[in-house]
1. Test of understanding: ordering D24, D82 by Cβ neighbours within 10 Å, fewest first, what list do you get?
2. May I ask for the net charge around D101, where only other residues with Cβ less than 14 Å from the Cβ of D101 are counted and Lys, Arg are +1 while Asp, Glu are -1?
3. In what order do K63, K91, K74, K97 fall by count of nearby beta-carbon atoms within 10 Å, going from fewest to most?
4. Can you give the FRET efficiency to the nearest 0.05 for K102 and D25, using r as the Cβ-Cβ distance and R₀ = 25 Å?
5. Can you sort V31, V138 from fewest to most other Cβ atoms within 10 Å of each residue's own Cβ?
6. Distance in nm between label sites at Y134 and A9, each 7 Å beyond Cα in the beta-carbon direction?
Amino acid sequence: MGLASQEPAFFATSIKENILFGKDDATMEEVIAAAKASNAHSFISQLPQRLTKVGHRFQGGQKQRIAIARAMIKMPRILLLDEATSVEDSKSEKIVKGALDKVAIDRTTIIIAHCLSTICYAGHNCGNPRWASYGKWVAQRVNENQ
């Protein structure tokens with residue numbers, strides 16, 4: 001199972017090592033692929049030391065995108081997103097949701113959210129979404145294309 005949360009834990013090491021925490025035997029190609037899938041590669045590439053240093057203060061969804069890369073590098077069958085789209089601004093939220101479009105494919109994705117835009121996003125972009133409230137299924141939409 002992969003996990004990305006609202007306030008992910010980071011270790012005092014490189015971005016690469018933080019992503020590798022999801023799969024310590026991954027190749028550099030897998031690290032880059034996970035960073036690309038999570039929409040983190042573009043901002044990481046702009047950092048002075050790219051994947052090699054963490055001493056950077058992350059902004060607007062960057063933490064979540066690294067956490068999504070960490071979750072994705074192990075190619076989980078189940079992906080748990082606990083308020084992972086909860087970011088400071090709508091532009092960053094859109095980038096994080098764009099990453100989720102890519103990483104939710106071909107796996108069970110559980111999205112925990114109380115933000116209406118995230119719930120609506122899941123309803124439109126997920127294959128066969130179900131909604132639960134207080135431990136009970138409250139709605140299900142069947143995808144007509146399946």
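Nothing in this text is a laboratory measurement; each read-out follows from the coordinates by a stated rule. All values reported here derive from a predicted model rather than from experimental measurement. Don't worry about glycine lacking a Cβ; one is built from the backbone with ideal geometry, like all the others, and counts go over all protein chains shown.
1. Ordered by Cβ neighbours within 10 Å, fewest first: D24, D82.
2. +4
3. Fewest-to-most Cβ neighbours within 10 Å comes out as K91, K74, K97, K63.
4. The calculated FRET efficiency here is 0.60.
5. With the sparsest Cβ surroundings first, the list reads V138, V31.
6. Here the answer is 3.2 nm between the modelled labels.
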